[in-house]
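Engineer: One structure, pasted below without further comment.
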Amino acid sequence: MDIVVVGGTGHIGTFLVPRLVRSGHRVTVLSRGKGAPYQNDTAWDDVRRVTVDRGDEDGSGLFGQRVARMGADVVIDLVCFTVRSASQLVEALRGNTGHLLHCGSIWMHGKSLRVPISEEATTEPFGEYGTQKAAIAAMLRAETLDGGLPTTSVHPGHISGPGWAPVGPLGNLDPHVWQVLASGGELHVPGLGAELLSHVHADDVAQVFQLAAENRDAATGQMFHATAATALTVRGFAEVAAGWFGRSARLTSVSWDEFRQITSAEYAEQSWEHLVRSQHVSIDRARDLLGYRPAYAPEDAARAGVESLVAAGRLELSRPLVAS
């Protein structure tokens, strides 16, 4: 197939684009041209690259028309964050493209009431990011069910992998958390530590997108979660991560007020955003309809990110990681 990937050099695209090329598809990647994939792969030699600033062209209404003129069989949109942007693309692609795949987020759901969360769970999303992702998914499904453009939305958890910092055991990106665990120091945990984190390796997310693109009949009109098979509790994640350095986790529960006093505003807010949701989602639909089989446990996905940061000199630790 002719496949256009919008935002194809980021976390997911790093793994998705080579997958598509190796499956024999003709791939065009649209990006701002300011970054390179997180991993080198000779498959990129066979990719057509187009430099475009989606923000500018969305504002003028030209982006959707640009993509539509490519006449692709499949468009995979990895960097759409507003209903307005998604709607413009749908309007342009309707009748010109066979299938649109959108990258959403499990934050389309709000605070978990029962787990695992199904794609149709009625928990109320909150925050700009979560509410927009929920609204986009609903708009796309309605578009398809009304006989319009065939669409599918894929909703990843906390994407991890080599080349970037994974969400850590406290639900934030603070590198100090890894340093404390490596040194055997005391880690202050907000709340009970029973909150859930839903990690997924970027290659497993790429797997869901590839399966959806190659199984259009099964995927059309559907929403799919893309996470590892299991979720980690805060305490469990900390224990596992401390073991990477031959340590046992020393954890102390503190109130959220105390945590905010000892943590920067940015990292404290990241922790709150992740832990207040405490999400573990079901991947049964992707398994049953697409044959999705995640290759990575959540802790392995996170460790891949930590290992790559250490190897690149971007994370200094007092003790090396022990062999896995």
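The values are calculated or read from the model by the stated rules, or taken from the named source; none is laboratory data. Just so it is clear, the model here is predicted, and its values are computed rather than measured. In this analysis, Cβ positions are derived from the backbone assuming ideal geometry, glycine residues included, and neighbour counts consider all displayed protein chains.
For every residue, the table says whether it meets (1) over 16 Å from the mean Cα position of the chain (by Cα); (2) not in a loop (DSSP other than H, G, I, E, B).
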position: 129; (1), (2): no, yes
position: 134; (1), (2): no, yes
position: 153; (1), (2): no, yes
position: 159; (1), (2): no, yes
position: 181; (1), (2): yes, yes
position: 192; (1), (2): yes, no
position: 205; (1), (2): no, yes
position: 208; (1), (2): no, yes
position: 229; (1), (2): no, no
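Engineer: Against the conditions (1) under 21 Å from residue 14 (Cβ atoms); (2) touching an Asp or Glu at 6+ places or on another chain (Cβ under 7 Å); (3) of a type in the set (A, V, I, L, M, F, W, C), where does residue 232 fall short? Just the number, please.
Structural biologist: Residue 232 satisfies all of (1) under 21 Å from residue 14 (Cβ atoms); (2) touching an Asp or Glu at 6+ places or on another chain (Cβ under 7 Å); (3) of a type in the set (A, V, I, L, M, F, W, C) except (1).
Engineer: Could I ask something else about it? What residue, of 100, 89, 113, is assigned to a helix (DSSP H, G or I) and either surrounded by fewer than 22 Cβ atoms within 10 Å (Cβ to Cβ) or in the same structural domain as residue 16 (by TED's automatic domain parsing) (or both)? Reasoning before the result, please.
Structural biologist: Values: 100 fails: assigned to a helix (DSSP H, G or I); 113 fails: assigned to a helix (DSSP H, G or I).
Residue meeting the stated conditions: 89.
Engineer: Shifting gears a bit: Working carefully through the options 214, 186, find the one that is over 23 Å from residue 102 (Cβ atoms), at pLDDT 95 or above, of a type in the set (D, E, K, R) and surrounded by fewer than 24 Cβ atoms within 10 Å (Cβ to Cβ). Quick ask: steps written out before the conclusion?
Structural biologist: Numbers: 214 fails: over 23 Å from residue 102 (Cβ atoms).
The unique qualifying residue is 186.
Engineer: Looking only at the stretch 254-277, which residues are assigned to a loop (DSSP other than H, G, I, E, B) and buried (at least 20 other Cβ atoms within 10 Å of the Cβ)? Break it down into steps so the answer makes sense when it comes.
Structural biologist: Of the residues in the stretch 254-277, the ones assigned to a loop (DSSP other than H, G, I, E, B) are 255, 263-264.
The answer is 263, and nothing else.
Engineer: Then there's this: Collect the residues in the stretch 265-292 that are over 26 Å from residue 113 (Cα atoms) and either of a type outside the set (A, V, I, L, M, F, W, C) or not assigned by TED's automatic domain parsing to the domain that holds residue 248 (or both), keeping them in residue-number order.
Structural biologist: Quick first cut of the stretch 265-292, residues over 26 Å from residue 113 (Cα atoms) only: 265-266, 290-291.
Those that are over 26 Å from residue 113 (Cα atoms) and either of a type outside the set (A, V, I, L, M, F, W, C) or not assigned by TED's automatic domain parsing to the domain that holds residue 248 (or both): 266, 290, 291.
Engineer: So, one more: Within the stretch 50-62, identify whether any single residue is over 18 Å from residue 29 (Cβ atoms), in contact with a Leu (Cβ under 6 Å, 6 or more places away or on another chain) and not basic (Lys, Arg), and answer yes or no.
Structural biologist: no
Engineer: Do we find that residue 99 is touching a Pro at 6+ places or on another chain (Cβ under 6 Å) and under 17 Å from residue 286 (Cβ atoms) in this structure? Walk me through how you get there before you give the answer.
Structural biologist: Details: touching a Pro at 6+ places or on another chain (Cβ under 6 Å): yes; under 17 Å from residue 286 (Cβ atoms): yes.
For residue 99, the condition - touching a Pro at 6+ places or on another chain (Cβ under 6 Å) and under 17 Å from residue 286 (Cβ atoms) - is met.
Engineer: May I pose another question? If a residue has to be touching a residue at least 12 places away in the same chain (Cβ under 8 Å), farther than 18 Å from residue 12 by Cα and small (Gly, Ala, Ser) to count, how many in the stretch 39-88 make the cut?
Structural biologist: Residues flagged as touching a residue at least 12 places away in the same chain (Cβ under 8 Å), farther than 18 Å from residue 12 by Cα and small (Gly, Ala, Ser) within the stretch 39-88 amount to 8.
Engineer: Please give the strands (runs of 3 or more DSSP E) falling wholly within the stretch 1-62 in which 3 or more residues are closer than 22 Å to residue 204 by Cα. I'd like the intermediate steps shown before the answer.
Structural biologist: Numbers: elements: 2-6, 26-31, 48-51.
The strands (runs of 3 or more DSSP E) meeting that bar are 2-6, 26-31.
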